[in-house]
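Encoded as structure tokens, the structure appears first; notes follow it.
The values are calculated or read from the model by the stated rules, or taken from the named source; none is laboratory data. Since the structure is predicted, the reported quantities are computational estimates derived from the model, not experimental observations. Quick reminder, even Gly has a Cβ in these numbers, built from the backbone with ideal geometry, and neighbours come from all protein chains shown. For the accessible areas, the whole protein counts, side chains as well, though only heavy atoms, and no ligand, DNA or RNA atoms are used. Shrake-Rupley method; radii C 1.70, N 1.55, O 1.52, S 1.80 Å.
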Amino acid sequence: MALAFHFHPLAASRARLSPPHLHSAAGAPSPSVALTAAPHHRLRLRRRFCAVVATAAASPAATTEFDFNAYMGERATAVNRALDAAIPAGDPPAALHDAMRYALLAGGKRVRPALCLAACAVAGGPEAWAMPAAAAVEMVHTMSLVHDDLPCMDDDDLRRGKPTCHVVYGEPIAVLTGDALLSLAFHHMASVGSYPPDVDPHKHPARVVRAIGELARCIGSEGLVAGQVVDLEMTGTSETVPLERLEYIHLHKTAALLEASVVIGAIIGGGTDEQIERLRKYARSIGLLFQVVDDILDVTKSSEELGKTAGKDLASDKTTYPKLLGLDKSREFAEKLLSDATEQLAGFDKEKAAPLLHLAYYIAHRQN
């Protein structure tokens, strides 16, 4: 299957990954047809997708000696320590700080911080330099989840297997919790005391300023928030949502923060402009891949398996990749995005790039 790989502006540039040979919006199967395709065909596509991931993981470039589970466990532990230390426990206003800690420390795979740390390392910097940025992107991500779960948005009661923040603390505190996490993210990145003493005193300040600008762009009115707005506009509409519009939503709402995670890690690590742009393209591909897989899981897994409400997108009449393209074509698109992402890592040291490579496989093959 061939995909067009174009570029269009989004403040800087943003990759457009569109599958021209898949069903258009007008010709797409109905949700009931798309999601109830022949079982043997679905099984064949699932096996094919698993085979692609398994083959890639077994290739020399995948460095089979790399222990991905250990890597993620160690980074998650380190990130959780940083997050725990960043928010005071019991200090006034206690309700706000309790809610911030509840939302931020409720678990999660810490994929975005891991991407940030891995990008710093592949660019040549010590991971410790990127820990403040890694913590910051997780704060921003948690903010987006708290706000996304609100009754005025997606109205969800379950997140990471626990009641959502507004269910536990009420809507006003949940709104302010998101606001406070966003503010804390930038404060944490900008504070001199957040960084280890061995950073380059001449180059580090400029890198931090550039990284802060990158994060702000990716989550603002030209990034995450833009995607959320268009997603709200399209939810429940009788208008047929074109594939290009769906792609816009997810490149902004989901991929933008993954892009920021990778790019700011590379900036802090001292990557060259060429390295940063290759990693940006990698991040855009895995960002869209993350959402395609998320859409697939929403219609193939239970709430218990996902740790959040399954089938919520279909119930709220949201446009998703399976709804627009069908389940099988969505899996094919995921395969191509995985391939595009791994191609961008070809020019980096294989050992240093192993975490990013395996993170791409993980995103493609995750089960929740």
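The HN-Hα couplings worked out from phi for the stretch 74-79 by the Karplus form 6.51 cos²θ - 1.76 cosθ + 1.60 (θ = phi - 60°) are 5, 5, 4, 4, 5, 5 Hz, whole numbers, x standing for Gly and Pro. If you take the alpha carbon atoms of the stretch 168-292 and fit the smallest convex hull around them, that volume is 137 Å³ per residue. The fraction of accessible area contributed by carbon and sulfur in the stretch 314-368 is 48 percent, rounded to a whole number (1.4 Å probe; ligands and nucleic acids excluded).
Shown is the FRET efficiency for Leu105 and Asp349, computed with R0 = 41 Å from the Cβ-Cβ distance and rounded to the nearest 0.05: 0.75. Beyond 20 Å in Cα-Cα separation lie the following of the pairs Lys109/Lys318; Lys109/Lys162; Lys253/Lys318; Lys109/Lys281; Lys253/Lys281: Lys109/Lys318; Lys109/Lys281.
With equal scatterers on the alpha carbons only and no solvent term, can you work out the Debye log10 of I(q)/I(0) for the stretch 104-180 at 0.14 1/Å? Per q value, in the given order, log10 I(q)/I(0) is -0.51. Around the amide H of Val241, modelled in the peptide plane, lies no amide H under 5 Å away from a residue 5 or more places distant or on another chain.
Reducing the stretch 183-218 and the stretch 79-134 to their Cα centroids gives an inter-centroid distance of 14 Å.
Just the accessible area per residue of the stretch 172-211, please: how many Å² with a 1.4 Å probe?
On the way: 2260 Å² over 40 residues.
Value returned for the stretch 172-211: 57 Å² of accessible area per residue.
Measuring r between the beta carbons of Lys203 and Thr77 and using R0 = 22 Å, the FRET efficiency lands at 0.15. The amide H of Asp155, built 1.01 Å from its N in the peptide plane, has Leu150 as neighbours under 5 Å, considering only residues 5 or more places off or on other chains. Label point of Val175 set 7 angstrom out along Cα-Cβ; within the stretch 217-239, amide nitrogens under 18 Å from it belong to 229.
Work through the residues other than Val167 whose Cβ is under 12 Å from its Cβ and net out their charges, Lys, Arg +1 and Asp, Glu -1. Mind dumping the intermediate values first?
Details: positive: Arg159, Lys162; negative: Asp149, Asp155, Asp156, Asp157, Glu171.
Charge balance in the 12 Å sphere: -3.
Taking the 1.4 Å solvent-accessible surface of the stretch 69-196 as the whole, the part contributed by carbon and sulfur is 59%. Counting heavy atoms of the protein chains alone, Arg331 has an accessible area of about 10 Å² for a 1.4 Å probe.
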